[in-house]
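**Q** Submitted below is the structure of interest, expressed as C-alpha cells.
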Amino acid sequence: MDLYFYNTLTKKKEKFVPIDDKEVRIYSCGPTVYKDATIGNMRTNIFQDVLRRVLKYNGYTLKHAMNITDVGHLVSDGDEGEDKMIKTAREEHKSPMEIAEYYTKLFFQDLELLNIETPEIICKATDHIKEMLEYVEKLVENGYAYETSTAIYFDISKLDKYPILSNLNLEEQKAGARVDVDKEKKSPYDFALWIKAPENHLMKWDSPWGASYPGWHIECSAMGQKYLGEQFDIHTGGIDLIPTHHENEIAQSKGRCGKIPANYWMHGEYLLIDGGKMSKSLGNVYLIKDLCQRGYDPLVYRLFSYSCHYRNKLNFTWEAIEATSKSLERLKNGYQMHLEGKDNVDDEEIKQLEEKFHQAINDDLNMPAAMGIVWEVVRMEKKSPKFAELLAKFDTVLGLKIGEKTKNVQTEIPEEIMQLVEQRKQARESKDWAKSDELRELIKNKGYEIKDTKDGMEIRKVEL
Ligand code: AMP
Ligand code: ZN
C-alpha cells in the first residue's frame with residue numbers, strides 16, 4: 001500500500017519513495033540535555049516513534065540516528081547567549097558533563113515509560129568534534145565560510161537560495177532586524193559554524209582557529225552524514241526547528257556537497273497546556289513523572305497524543321488525561337473480551353478492517369483516523385480472538401501494550417504519605433473502619449487520594 005507523508009520541503013503531502021527499497025534512513029534532532037524533558041518534548045518523540053512503527057508496519061527496516069546535544073546549543077537557538085549546558089552547570093554547581101549525563105539518563109527513562117523505541121544510532125555531539133571540525137574545514141575550503149574575530153560563519157550569500165524550508169522573507173526581516181552582536185558578520189542570517197572560546201570557557205577544543213567549540217547546527221550535519229550518508233530519506237524534529245536549525249542544516253549540506261541532506265522533512269506541532277504555552281512562570285511545565293505521580297500510566301499520555309494529528313496543535317488538560325485513562329482501560333478490556341470470545345468472524349471482515357487501519361496510518365500518520373478503526377474493532381458485538389489478534393497487530397503501531405495490565409507507576413510519593421497509607425492499611429486489616437476513613441481524609445487533605453481496587457490500592461496526587 002502506498003505511504004504518504006507531508007513534506008515541509010515541498011509543502012505537500014507526497015508519496016514516500018525511499019532511496020533504498022528496504023532500509024529507510026532517518027535523522028531526528030534529539031534533546032539538548034540541560035534540563036528535564038517536558039511532555040511537550042515527549043509529544044515530538046511520540047510522533048517520531050509512530051513514524052518508525054508505521055515504516056516497520058509497511059515492511060521497511062530502519063537506520064534511525066538521533067543526536068544528543070551536549071555542547072553548542074546557545075540560549076537563543078541562534079548565535080547569541082550562553083551555551084545552555086554551561087548555564088545549567090553553573091546554576092547547579094556541576095560540570096557540563098555531569099549535567100549531560102544526568103539529563104540524558106532521565107530522557108531515556110521517559111522514552112522507556114512511553115514505550116518509545118530507541119533509535120538504532122544514538123550519537124553525542126561531544127563524541128564527534130573531529131567530524132564537525134572536518135565538516136567546517138571543508139566548508140571553508142569550498143568557499144562557504146569566513147572567519148571573524150569571534151567565529152567561523154556560514155556565508156549564506158554563496159547559496160543559490162536561502163531559506164528553502166521556511167517562508168522567511170529575508171528582505172522584510174532585514175528591515176526590522178535588530179543590530180547584530182557581531183558587526184563582522186556579512187549578513188545577519190550568516191550563522192556560526194564554529195565559535196572561538198573566551199579565556200575561561202568550560203568546553204573548548206583545539207582547532208585551526210585556536211581553542212573553540214562547535215555551533216549547534218553543525219553537529220546534526222556532521223553526524224547525519226557520518227551515520228546516514230550525504231543523502232538520506234527522512235529528517236524529523238519539532239516545528240520550531242524549521243526556520244533556524246533545519247534551514248541551516250540544509251545550507252551546510254549544500255555548501256559541503258551540493259545536496260539537501262534529506263528528501264522528506266517532517267515536523268511535529270506543539271503541545272499546548274490549557275490552551276496556552278507551557279512555561280515556568282505559569283507553573284505549568286509538566287513532565288512524564290508528574291503523570292506518574294498522579295497515578296497515571298504514562299501510556300495514557302501516548303494514547304492522548306493520538307487524539308490529534310501530529311501536524312496540529314494538541315491541547316493538554318488534566319481532565320482530558322483522566323478521560324483518556326478510562327479509554328485506555330476500555331481498550332484493554334475490549335482486547336481481553338475478544339481474546340476470550342467464541343464468535344465466528346469472517347476473514348474478509350478482518351481484512352477490510354486491517355486495510356482501513358493501514359490506509360489511515362499511511363495517510364501521513366493519521367492517528368485520529370486510525371483510532372477510529374481501533375474503537376470500531378473494540379466495540380464489535382461479536383467477540384472473537386481474531387479481533388484480538390487484529391488489535392495486537394494494530395498495537396505494533398500504537399505501542400500501548402494493550403495486552404498488559406495498566407502499570408501503576410507512581411513515583412516519589414512522600415515518605416509522610418506512605419506512612420499514613422501504611423497506618424490505614426493496618427486499620428483496615430484490624431477492621432477499624434472509622435480510623436481507616438479518618439486516615440483517608442487526612443491523606444486527602446495532604447493532596448493524595450487513595451482508591452481501593454480489587455488488586456490492592458492506588459495512590460494518586462490530586463489538586464488541592
Ligand atoms: P527545548 O527543550 O525547548 O529546546 O525543546 C526541544 C525540542 O522539543 C524542540 O526543538 C521542540 O521540537 C520540542 N518541543 C519543545 N516544546 C514542545 C511542545 N510544547 N510541544 C511539542 N514539542 C515541543
Ligand atoms: Zn538537529
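**Q** Taking the Cβ of each residue in Thr126, Thr32 as the centre, tally the other Cβ atoms inside 10 Å and list the residues starting with the fewest. Display every interim value, and only then the final one.
**A** On the way: Thr126 20, Thr32 24.
Fewest to most other Cβ atoms nearby, the residues stand as Thr126, Thr32.
**Q** Return a whole-number percent for the relative contact order of the chain, with Cα pairs under 8 Å and 6 or more residues apart as the contact set.
**A** Relative contact order comes out at 17 percent.
**Q** If N is the number of residues in the chain, what value comes out of its Cα radius of gyration divided by 2.2 N^0.38 Å?
**A** Numbers: Rg = 25.4 Å, N = 464, 2.2 N^0.38 = 22.7 Å.
Compared with the compact-globule rule of thumb, the chain sits at 1.12.
**Q** Moving on to the next point. May I ask you to order 49-58, 317-326, 272-281 by the average number of other C-beta atoms within 10 Å around their residues, highest value first? Working shown, then result.
**A** Working: 49-58: 20.6, 317-326: 14.6, 272-281: 12.4.
Those peptides, ordered most packed to least, come out 49-58, 317-326, 272-281.
**Q** If you don't mind, there's one more thing I want to ask. Give me Thr44, Thr148, Thr61 sorted ascending by neighbouring Cβ count inside 10 Å, so fewest comes first. All intermediate terms of the calculation are to be shown ahead of the outcome.
**A** Details: Thr44 26, Thr148 15, Thr61 11.
So the ranking, lowest neighbour count to highest, is Thr61, Thr148, Thr44.
**Q** Under 13 Å between alpha carbons, and skipping anything fewer than 8 positions from Lys446 in its own chain: which aspartates and glutamates qualify?
**A** Within the straight-line limit of under 13 Å, Lys446 reaches these aspartates and glutamates: Glu415, Glu416, Glu438, Glu463.
**Q** At a temperature of 10 °C and a viscosity of 1.306 mPa s, determine how fast the stretch 415-461 diffuses translationally according to Stokes-Einstein, using the Kirkwood radius over alpha-carbon pairs as Rh; express D in µm²/s, rounded to the nearest whole number.
**A** The diffusion coefficient I find is 151 µm²/s.
**Q** How charged is the neighbourhood of Gln419? Take every other residue with its Cβ under 13 Å from the Cβ of Gln419, and add Lys/Arg as +1 and Asp/Glu as -1. Could the numbers behind the result be given before it?
**A** Details: positive: Arg424, Lys425, Lys446; negative: Glu415, Glu416, Glu422.
Neighbourhood net charge equals 0.
**Q** A further question on this structure: Name the residues whose placed amide hydrogens come within less than 5 Å of the amide hydrogen of Ala151, ignoring near sequence neighbours (fewer than 5 apart) on the same chain.
**A** Those lying under 5 Å, H to H, from Ala151 are Lys196.
**Q** First select every other residue whose beta carbon is under 15 angstrom from the beta carbon of Val33; then total the charges, Lys and Arg +1, Asp and Glu -1. List each step's numbers first, then the result.
**A** Numbers: positive: Lys35, Lys84, Lys87, Lys94, Lys105, Lys124; negative: Asp36, Asp70, Asp83, Glu91, Glu92, Glu98, Glu101, Asp110, Asp127, Glu219.
Computed value for this residue: -4.
**Q** In nm, what is the difference between 0.36 nm times the number of residues separating Gln352 and Asn445 and their Cα-Cα distance? Before the final figure, lay out the partial values.
**A** Values: separation 93, 0.36 × 93 = 33.48 nm, distance 5.25 nm.
Stretched fully, the Gln352-Asn445 segment lengthens by 28.2 nm.
**Q** Show me, bin by bin at 10 Å from 0, the whole-percent P(r) of the stretch 364-444 based on Cα pairs.
**A** 14, 28, 15, 14, 27, 1
**Q** Sticking with this one: Dipole magnitude of the chain about its Cα centre, charges +1 at Lys/Arg Cβ and -1 at Asp/Glu Cβ only, in debye to the nearest 20?
**A** Values: 66 positive and 79 negative charges, 133 e Å.
Roughly 640 debye for the chain.
**Q** Based on alpha-carbon positions alone, could you give the equivalent ellipsoid semi-axes of the stretch 76-159 from the gyration tensor, as √(5λ), descending, whole Å?
**A** Working: eigenvalues 196, 73, 28 Å².
They are 31, 19, 12 Å, listed from largest to smallest.
**Q** Return the percentage of antiparallel bridges among DSSP beta bridges fully within the chain, rounded to the nearest 5 %. Working shown, then result.
**A** Values: 23 of 47 bridges.
Here the antiparallel bridges make up roughly 50 percent for the chain.
**Q** Taking 28 Å as the cut-off for C-alpha to C-alpha distance, list the pairs among Lys326/Lys386; Lys84/Lys277; Lys94/Lys461 that go past it. Don't skip to the answer; put the middle values down first.
**A** Details: Lys326/Lys386 24 Å; Lys84/Lys277 21 Å; Lys94/Lys461 31 Å.
Lys94/Lys461, as the Cα separations exceed 28 Å there.
**Q** Hey, which lysines would be in cross-link range of Lys382, C-alpha to C-alpha under 20 Å, not counting anything within fewer than 8 residues on its own chain?
**A** Filter leaves Lys332, Lys342, Lys351, Lys356, Lys393.
**Q** Rounded to a whole number of µm²/s, how large is the Stokes-Einstein D of the stretch 272-398 at 20 °C and 1.002 mPa s, given Rh as the Kirkwood radius over C-alpha pairs? Intermediate results must be reported in sequence, preceding the final value.
**A** Values: Rh = 16.0 Å.
Value of D from the Cα-based Kirkwood radius: 134 µm²/s.
**Q** What is the dipole size for the stretch 415-461, taken about its Cα centre, with +1 at each Lys and Arg Cβ and -1 at each Asp and Glu Cβ, in debye to the nearest 20? Present the calculation step by step, with values, prior to reporting the outcome.
**A** Values: 12 positive and 12 negative charges, 27 e Å.
Roughly 140 debye for the stretch 415-461.
FYI, it's all coordinate maths here, none of it is from the lab. Predicted, not measured: the structure shown is a model, and the values here were computed from it. Heads up, the Cβs are rebuilt from the backbone with ideal geometry, glycines too, and the neighbour counts pull from every protein chain shown.
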